[in-house]
Amino acid sequence: MRTTELPKHAQAQHLRRTATKAERMLVVEVDGATHSTIAEKAKDAARERFLKAEGYRVIREQNADIYENLDGVCEFILAAVEGRDTL
């Protein structure tokens with residue numbers, strides 16, 4: 001079964017597992033509508049600072065991008081895993 005044949009939530013879970021297996025020091029944060037408030041942005045920033053201090057690389061994606069452009073999101077994650085700055 002291809003990843004794109006899975007339900008959207010399962011695709012996102014698959015992406016997280018794949019990124020974790022491919023590069024253990026990469027964190028993919030998926031932001032939705034709840035990440036738009038000042039309080040949530042502050043929590044996200046604090047978590048990202050902590051993760052970076054622990055040696056992790058953090059990349060962010062929007063929920064909408066996963067639903068609307070999964071191939072692009074996968075390419076973005078793959079580029080991060082491979083250490084490419086551009087797609």
>> With bins 10 Å wide starting at 0, give me the P(r) of segment 39-87 over every alpha carbon pair, in whole percents.
In response: 24, 41, 34, 2
> Between N69 and D31, 0.36 nm times their residue separation minus their Cα-Cα distance comes to what?
Replying inline: 12.2 nm
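FYI, it's all coordinate maths here, none of it is from the lab. Treat the numbers as computed from the prediction; the structure is a model and nothing was measured.
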